[in-house]
1. Around F4, what is the net charge, scoring Lys/Arg as +1 and Asp/Glu as -1 over all other residues with Cβ under 13 Å from its Cβ?
2. Tilt of helix 17-35 relative to the longest C-alpha principal axis of the chain, in degrees (0 to 90, nearest 10)?
3. Rounded to the nearest 10 degrees, what's the angle between the helix 62-79 long axis and the longest principal axis of the chain, both from Cα atoms, 0 to 90?
4. Subtract the Cα-Cα distance of E89 and E60 from 0.36 nm times their separation in residues, and report this length gain in nm to one decimal.
5. With each pseudo-label sitting 7 Å past Cα toward Cβ, what's the H11-F35 distance in nm, one decimal?
6. Bin by bin, in steps of 5 Å, what percent of the Cα pairs in segment 2-92 do you find, going until the bin that has the longest distance?
Amino acid sequence: MHVFSVLFKLHLPSTSLKGKRGIVKSLLARARNSFNVAAAEVDLQDLPGTAVLAFVTVSENRALARRLLERLEEWVVEERPDLELVAMEIEER
């Protein structure tokens, strides 16, 4: 079994925590449904214009798990062009 995680640091078009919550909750739910990954906001919860999101997948095939997370990155960029992906880090655990 191979466990892969990815961290996304995003700049959001939000000036309030309420606006941020709407963006983050929607993105996490849609990623869970579309990619079958575990997802959570893991840092900078108190800053309205920035979010750090983590996604995790488990697979028998190392290449397949990594490719899934790369496709997730592409999906976020295409699906939400109003968000700026500042940093991304894929890690095998």
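1. On the way: positive: R62, R66, R67, R71, R93; negative: E60, E70, E73, E89, E91, E92.
Residues near F4 contribute -1 overall.
2. Between helix and principal axis, roughly 20 degrees.
3. Long axis of 62-79 versus the principal axis of the chain: about 20 degrees.
4. The E89-E60 span can extend by a further 8.4 nm.
5. It is 2.2 nm.
6. Computed distribution, short to long bins: 3, 15, 27, 26, 17, 8, 4, 1, 0.
Where a number appears in this text, it was derived from the coordinates with a stated rule and is not lab data. The structure presented is a predicted model; accordingly, all values stated were derived computationally and were not measured. Every residue, glycine among them, receives a Cβ derived from its backbone with ideal geometry; neighbour counts consider all protein chains shown.
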